[in-house]
Amino acid sequence: MHFLDHYNYWVFAVLLLTGLYAVVSRANLVKKLIGLSIFQSAVFLLYISMDKVAGGTAPIIIQPEDADRLYSNPLPQVLILTAIVVGISTLALGLAIVVRINEAYGTTEENELARMDEE
Amino acid sequence: MTVLFGAFLLTMLVITAIGIVRAQHLFVSVVLSGIYSLQMAGMFFILDAADVALTEAAVGAGVATVLMLSALALLDDRERSAGLKRLLFAVVASATLILLLHASVDMPSLGDPNAPVHTHVAPWYLEETPRLIGMPNVVTAILAGFRGYDTLGELFVIFTAGTGVLFLLASVHERGGLALLPSPDGTGLRHHLVPRLIGRFIVPFIVLFALYVQFHGDFGPGGGFQAGALASAGIVLYALAEGEATALKVLSFRVLTGMIAAGALLYVGVGLACLMLGGTFLDYSVLADDPIAGQHLGILLVELGVGITVSGVLLAIFHSFAAREQRR
């Protein structure tokens, strides 16, 4: 199963760049934010992929005396757990700013906004 | 078998992500990103991260989709321009992709127990949690106990983002406070029989499950972040089925803004109580006679604070978007 050893990291790279591509190449501000959340979740996938231990289970120690049991790494999970909720809050903040931009300019396309600012 | 299912899910994730970026209609993008989050939650579960999977399912597939849709109701839901310098960015992205794929060869293979990430502090947490904190869920123990400072910081990031959204979208009351405009025509899905009945039926179960996740987080997967997201998803469903005005009668805007502050204050208050009792900030072992009982009490209270703030922030954000909609 050598091929699957690094498959998670390849998918991480593809998702990361898909998100980045959407952020920089799309003119629509909502699409940029969606791209940003794809980018973000790719990073989550990288962290969570690193926590896996072969033959391990979720780090919930019900029998501490059972020393043979393997657990996956809890630390990346803690980091990503909080990052997901912070991610939705910042996404909401971004959307609120886009809503206000739309109210002020009547558009959410970046190139149109730039043109209106120049005038 | 699990490995193959994981590979299948990962491939589906890539296909969904490309679909999200390619879709011209933003509504399609948003619904696809809900599906994307659900697949991501499944992937997290396969990778042994039960707590993270629970959070991603509640936040990504539930709350985020509703938030995006309520924002889209205020915006043009079609992309009008094709994009900026697409060819240039496609070339840059592909070049970076090749570099990242080349670098991935040096990464330890998936599940390698001798990978550097598993040999540093992680074994210490796994060995010492039963002795120092005495709760089965190591993720909760690290989140609220060992790394309580970090979580306090994260909570204040959420607090700040929620306050920011309120300042951007809620209107200023004549007496100086923030307020939402009354929304007389917010009837939600009240005229649609099936969503209304199903919504009414499952909302109590979602809220009950949120309470279970909140208070059972020491023993099983769960905790304040997950419970806050689940509870707000339940109330948002209630608001969609019965209308936002009815949901605001249950939990008024004033209560929600109070919750945002109260949760953060509870967290800081527990830290200060530890200081008063002679410990260091957020060192819960001084809260009770038995250090382990103190840790349990401290973590329970801190997680409660997280849950209150997270659900308050998410609900206040939802209502801000929804009230803006009816004003236009």
Hits among lysines - C-alpha to C-alpha of B:K85 under 21 Å, sequence gap 8 or more where chains match:
A:K31, A:K32
Charge context of A:Q77, other residues only, Cβ under 15 angstrom, K/R +1, D/E -1
-4
Quick one: dipole size for the protein assembly as shown, taken about the Cα centre, charges +1 on Lys/Arg Cβ and -1 on Asp/Glu Cβ, in debye to the nearest 20.
1400 debye
Any idea what the dipole of chain B comes to, in debye rounded to 20, about its Cα centre with Lys/Arg Cβ at +1 and Asp/Glu Cβ at -1?
1380 debye
Step by step: find N for region B:138-328, compute 2.2 N^0.38 Å, then divide the Cα radius of gyration by it. What's the final number?
1.14
Would you work out which of B:A264, B:A293, B:F205 lies farthest towards the positive end of the dipole of region B:138-328? Charges go on Cβ: Lys and Arg +1, Asp and Glu -1.
B:F205
Percent relative contact order for region B:138-328, counting Cα pairs under 8 Å at least six residues apart, stands at 31 percent
Rounded to whole Hz and in sequence order, give me ³J(HN,Hα) for region B:93-109 from the Karplus expression 6.51 cos²θ - 1.76 cosθ + 1.60, θ = phi - 60°, writing x for Gly and Pro.
5, 5, 4, 5, 4, 5, 4, 5, 5, 4, 5, 5, 4, 7, 6, x, 5
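Please give the net charge around B:F146, taking every other residue with its beta carbon less than 11 angstrom from that of B:F146, where Lys and Arg add +1 and Asp and Glu add -1.
Numbers: positive: B:R147; negative: B:E128, B:D150, B:D283.
Every neighbour counted, the sum reads -2.
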Rh (Kirkwood, all Cα-Cα pairs) for the protein assembly as shown, Å, reads 22.9 Å
Calculate how steeply helix A:74-105 sits against the longest principal axis of the alpha-carbon atoms of chain A, using the helix alpha-carbon long axis, and give the answer as 0 to 90 degrees to the nearest 10.
10 degrees
In vacuum, with every alpha carbon of chain B counted as one equal point scatterer, what does the Debye formula give for log10 I(q)/I(0) at q = 0.10, 0.11, 0.12, 0.15 Å⁻¹? Two decimals, please.
-0.73, -0.88, -1.02, -1.34
Within region B:34-131: Cβ-based charge dipole about Cα centre, in debye rounded to nearest 20 (Lys, Arg +1; Asp, Glu -1):
520 debye
Using square roots of five times the C-alpha gyration tensor eigenvalues, list the equivalent-ellipsoid semi-axes of region B:1-85 in whole Å, biggest first.
27, 17, 7
In terms of the charge dipole of chain B, which places +1 on Lys and Arg and -1 on Asp and Glu at the beta carbon, the residue among B:G278, B:G148, B:V14 farthest towards the positive end is B:V14
Chain B: longest segment with zero exposed chymotrypsin sites (Phe, Trp or Tyr not before Pro), where exposed means DSSP loop plus at most 14 other C-beta atoms within 10 Å, is residues B:1-218
For region B:214-293, taking Cα atoms only, what is the radius of gyration to one decimal and the Dmax to the nearest whole Å?
17.0, 50
Let a ≥ b ≥ c be the square roots of the eigenvalues of the Cα gyration tensor of region B:32-160; is it rounded (a/c under 1.5), or, if not, prolate (a/b larger than b/c) or oblate?
oblate
Taking the Cα atoms of chain A, what is the range of coordinates along each of the three principal axes, in descending order and whole Å?
71, 32, 13
In the protein assembly as shown, with Lys and Arg counted as +1 and Asp and Glu as -1 at Cβ, which of these residues, B:V28, B:L304, A:Y21, has the Cα nearest the positive end of the dipole, that is, farthest along it?
B:V28
Quote the Stokes-Einstein diffusion coefficient, in whole µm² s⁻¹, for region A:20-59, based on the Kirkwood radius over alpha carbon pairs, a temperature of 20 °C and a viscosity of 1.002 mPa s.
183 µm²/s
In degrees, nearest ten, helix A:7-25 long axis to first principal axis of chain A (Cα)
10 degrees
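Read-outs: derived from the displayed coordinates by stated rules, not from any lab. Just so it is clear, the model here is predicted, and its values are computed rather than measured. Glycine also receives a Cβ, built like all others from the backbone with ideal geometry; neighbour counts cover every protein chain displayed.
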